[in-house]
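Following: one structure in C-alpha cells, then a few remarks.
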Amino acid sequence: MPPLLQRLFTYKSVRIATVTSATVTGLYLVDTHKNAKAFQRTARTAWNGVLIGWDYKFNFTPGKADKINDLHQRVADRILHVCQTNGGLYIKLGQGIATNSSVLPPCYLTTLRALYDDASSVDYSVVETIIRKELGKDIHEVFRTFSKLPTAAASIAQVHKATLLDGTVVAVKVQKPEIPIQIEWDLIAYRLLIKCYEYMFDLPMSFAVDYTIKHLREETDFIKEARNSEMCNEFLQTDAKLRTQVYVPKVFKEYSTKQVMVAEWVDGCRATDKVAIQEMGLSVKKIMDSVVDVFAHQIFVSGFVHCDPHPGNVLVRRHPDNPRRHQLLLLDHGLYMRESEEFRKQYCLFWKSLFLLDKPTIQEISRLWGVGDSQMLANATLLKPYNMNLSPSITPSTNTSVLDAYELQMKLKTSLKDFLVNSELLPKELLFISRNMTIVRANNKTLGSPVNRINRMARWAVVGLGHDPSVWAFAVKADYIPLKDSNGQTVAIRQLNYWMFEAALALMSLAYHLAQIKSYLEREVLGRKSDGFEAVLDDALKQRLEQEYGIKVEGDLF
C-alpha cells in the first residue's frame, strides 16, 4: 500500500475508532448511571430473542426430532439467564412464563422455577435516599429505629423492620430505585418476548398481554397496594369465620407513597413450615383448611383475588385472643385481580356442574369462554384428570420413540389450538386464578395434603351461587342466572341434584382418605417420601400427559 494511503487509512481508522469508543463508552456510562441500565437490559433481551428464534427456526424440525428436548432446555436456560442477569421486573416476567408452562414444554417450569428464589437487595444508603425523597424527611425524623439490613427482598422491593417515633413496630417496604425507570422498557421487552413465543410456538399467547401489563404496573404502585389490603380486609369481615381466622396488617397511609409503604409488623412462621406450626401446638390441617378457605372465598364469593399466595405471603401465628387457635397473616397485596360479576357466577356454576356431570352446562360455559375442549378445561380447572362420562379416557401407554418427539409435540400444539378456539373470549381472570390455585395446591402438597382441597373449593363454589334453591336446577340462562324450566322443576328433582352433588363429593372424599392412608403407610412403614393426595393427582396428570401427548414430565408437576 502506498505511504500516503497508508497514512490516510491509519489516521482515519484511528479517528473512527476513537469516536466510536468514546460514543459507546459515553452511552454505556449514561445508561448505567442515569438510566438504570435499561438500554443494556433491553439489548440483552433482544439479542437473546434473536438467538432463540434462530435456534427454533433451524433446529425444531422432523429431521432433528431426537434433539428437540435439548432444544427446549437450551432455550429455557437462556431465558433463565436473561431474567437473572436483568433482575427486577424480569424476575416477575420469568415467573409468569413458568406459570403458563401448561402450554409450554415441561422443562420451562422446572428451569424457571429457580426464579422464585431469586432476589437481590439495595444498600442502606440507597434506602435512606428513597425515604428522604418520598416522605420529605430524613429517616431518623420518621423512625426511632430502622434495620439497615432487609428482612426480606423480592424482585420489586425489599422490607426493613423499624419503629415509629411513638414506638410502634412496623414493616417498611421500599421499592428498588431502578424499577420506575426500567418498568416501561421491561414491559415493552415483555410484549415483544410474548410475540416471539407466539410466533415460535404458533400458539395464541399475546391475547392477555395488555391485561398482564396492567396488573404488573399496579403492583409497582404501593398506594394501590394499600387500597388492596383494605379491600381484602373488608371482604374478610363479611364472613364470620374468616374474619377471626385471617388477619391483614394495618397500613399507615400517612407514611406511604407510590414507592414506600409502612405497615404494621407481624410475627409468624410460613404456613408451610410444619415443624414451626407443631412447635406452637397448632393443627396443620386446620391451618391449611383456613388457607384453602380464604382463597376460595376470594375466588368464588368476593371476586377480589390475591394472585401471589406463596408461602412467604401467608404466615401463621397463635391467635391473640386464644393461643390454642391459629390465625393466618395475609401479606403482600400488590398483585390482585378483580373478577367481573358475570365471570364469578359462571365460574361458580362451572365448578358445581363438574360435580353434577352437567355436560350441557359445562360445554355451554366453555363455548362462551372461547374454549373448544371442555374436557381439557375441566382438567385445568380441578388440576386433576376429569371425565365427564365416568368412563376411562386414558388409553394404554405406548412406547414412544424419541424419533416421534416432533410429531407428538405438533399433535400437542394442535390440541392446544383446538382447546382455545377464540382467545378473545377467554376470560383473562382465568390466568390469575390458575396462578392462585396452583400455588395453594403446592402449599397443600408441601404439608402432605392434609386438606381435601377440591371438595372444599366445590362447596365454596356453591356458596358463591347464593342460597336460591333453583341453583340446583340444570336449566340456566345464557348469563348463568338459574331459572325454572317451562314445566316448573319440582323440589324433588332439585333435591336429587343436590344429593348427586353430595355423592360426588363423598366419592372424592373416599378417594382422598384412601390416598392419605396409603401415604401414611408408605411414610411410617416403608420409610418412603409421600406427599399424599395431591401427589396422587400429580401422578394421574403426568400419566395423562404422557399417554395422550407423549410428554414425559420428570419430577413434580406443581
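Table for the structure above
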{"quantity": "Magnitude of the charge dipole, segment 42-196, Cβ model with Lys/Arg +1 and Asp/Glu -1, debye to 20", "calculated": "280 debye"}
{"quantity": "Summed side-chain charge close to ILE213 - residues other than ILE213 whose Cβ falls under 14 Å, Lys, Arg +1, Asp, Glu -1", "calculated": "0"}
{"quantity": "Segment 416-443 versus segment 170-198: alpha-carbon centroid distance in Å", "calculated": "22 Å"}
{"quantity": "Cα-Cα over 18 Å, subset of LYS176/LYS253; LYS37/LYS137; LYS161/LYS250; LYS359/LYS445", "calculated": "LYS176/LYS253; LYS37/LYS137; LYS359/LYS445"}
{"quantity": "Residue among CYS232, SER256, MET205 farthest towards the positive dipole end of segment 191-259, charges placed on Cβ", "calculated": "SER256"}
{"quantity": "Restraint check, LYS285/LYS384; LYS345/LYS417; LYS67/LYS428, Cα-Cα greater than 32 Å", "calculated": "LYS67/LYS428"}
{"quantity": "Integer Hz, Karplus 6.51/-1.76/1.60 couplings in order for segment 260-271, x for Gly and Pro", "calculated": "9, 9, 10, 9, 4, 7, 10, 9, x, 9, 5, 5"}
{"quantity": "Segment 194-249: proportion of alpha-carbon pairs further apart than 18 angstrom, %", "calculated": "57 percent"}
{"quantity": "Computed Kirkwood radius, in angstrom, where 1/r is averaged over Cα pairs of segment 114-197", "calculated": "14.5 Å"}
{"quantity": "For LYS359, net neighbour charge (Lys/Arg +1, Asp/Glu -1) across residues whose Cβ lies under 14 Å away", "calculated": "-1"}
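Every read-out reported here was derived from the displayed coordinates using simple, explicitly stated rules and does not represent laboratory data. All figures in this text were calculated on a predicted structure; none of them were measured in a lab. Neighbour counts are summed over all protein chains in view; Cβ atoms, including those assigned to glycine, are modelled from backbone coordinates with ideal geometry.
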